[in-house]
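Report on one structure; see the data block that follows.
The values are calculated or read from the model by the stated rules, or taken from the named source; none is laboratory data. What you see is a predicted model; the values in this text were computed from it and never measured. Don't worry about glycine lacking a Cβ; one is built from the backbone with ideal geometry, like all the others, and counts go over all protein chains shown.
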Amino acid sequence: MTKAFFIDTTVCTGCRGCQVACKQWHDLPAEETENRGSYQNPSDLSAMTYKLVRMREEEIDGKLRWLFFPDQCRHCLDAPCKGTAMYEEAIYQEPATGAILYTMATRELNAQEIIDSCPYNIPRKGPDGVLAKCDMCIDRVINGQLPACVKTCPTGAMNFGDREEMLQLADRRLGEARKKFPKASLLDPDEVSVIYLVAYDRSHYEVAARARTPEGLTRQAALRKMISPLTRSVAHIG
């Protein structure tokens, strides 16, 4: 059975334990940062930061609210990046977990094309040309362990398990959250393997807004599938 994350932002305190745990497990270096007037640090995802707790102050219903959003790859059920690449050696879906995984062969792809195909603006290109993002801690998961970010979360905001179990947990938590937050919702639960519960309308969460419509992405992926075999053949002949 495939796996899924359930991230309940209504109980996230912005501690960034998940962010640090991700860096530690993947042996990723810290990034030089600067004071930008925000507790969010660093400013964005990168080839060295697969997970980032985004922090925003929003005025909602006349009150100032802190919004914390642990951003990461959504491991889409039908991943546009994979459909755009059409190159299994570079981007593939691990069958047992459903994780969308990138390899060193992504340096052979058109990086900007892959980045643009992602509705959540997740992949980042490293100095060596390789694309990088969350890998679901696949080495931990296939050995029966929780992803590092989930293991370290102190509030229960981060959850991981069989997809059906996570969907049931998400529905239960949604019902509970709506007692306090009437506009609470789940973000794209039928399309992704990282399901977020947010307290307010998704328009308040910048990273939750889709860059392109699913229909547009589907058309792009379909076109890519039509021309990919030809372009690959030409590339290999050359």
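Which residues, counting only those in the stretch 136-179, are within 19 Å of the chain's Cα centre (by Cα), basic (K, R) and either modelled with pLDDT under 95 or over 15 Å from V192 (Cβ atoms) (or both)? Selection gives R140, K151. Scanning the stretch 1-52 for residues that are touching a residue at least 40 places away in the same chain (Cβ under 8 Å), under 30 Å from R178 (Cα atoms) and in a strand (DSSP E or B) yields K3, A4, F5, F6, I7, D8.
In the condition set (1) surrounded by 23 or more Cβ atoms within 10 Å (Cβ to Cβ); (2) more than 12 Å from the chain's Cα centre (by Cα); (3) within 21 Å of D201 (Cα to Cα), D71 is compliant with all but (2). The single condition among (1) within 17 Å of the chain's Cα centre (by Cα); (2) touching a residue at least 40 places away in the same chain (Cβ under 8 Å); (3) surrounded by fewer than 19 Cβ atoms within 10 Å (Cβ to Cβ); (4) assigned to a loop (DSSP other than H, G, I, E, B) that M55 does not satisfy is (4). Condition test on R65, is it of a type outside the set (S, T, N, Q), over 25 Å from T97 (Cα atoms) and surrounded by 17 or more Cβ atoms within 10 Å (Cβ to Cβ)? The answer is no for R65.
Residues in the stretch 1-20 that are of a type in the set (S, T, Y) and farther than 18 Å from V141 by Cα were compared, and the one that is nearest to the chain's Cα centre (by Cα) is T9. May I ask you to verify whether A96 is assigned to a loop (DSSP other than H, G, I, E, B) and surrounded by fewer than 17 Cβ atoms within 10 Å (Cβ to Cβ)? Yes; evaluated as a whole, the condition is true for this residue. Total residues in the stretch 69-86 satisfying the condition of being in contact with a Lys or Arg (Cβ under 7 Å, 6 or more places away or on another chain) and of a type outside the set (A, V, I, L, M): the figure is 7.
Could you check, for the stretch 202-225, whether at least one of its residues is at pLDDT 90 or above, outside any strand (DSSP E or B) and surrounded by fewer than 19 Cβ atoms within 10 Å (Cβ to Cβ)?
No.
Scanning the stretch 187-206 for residues that are touching a residue at least 24 places away in the same chain (Cβ under 8 Å), touching a strand residue (DSSP E or B) at 6+ places or on another chain (Cβ under 9 Å) and charged (D, E, K, R) yields D188, E206.
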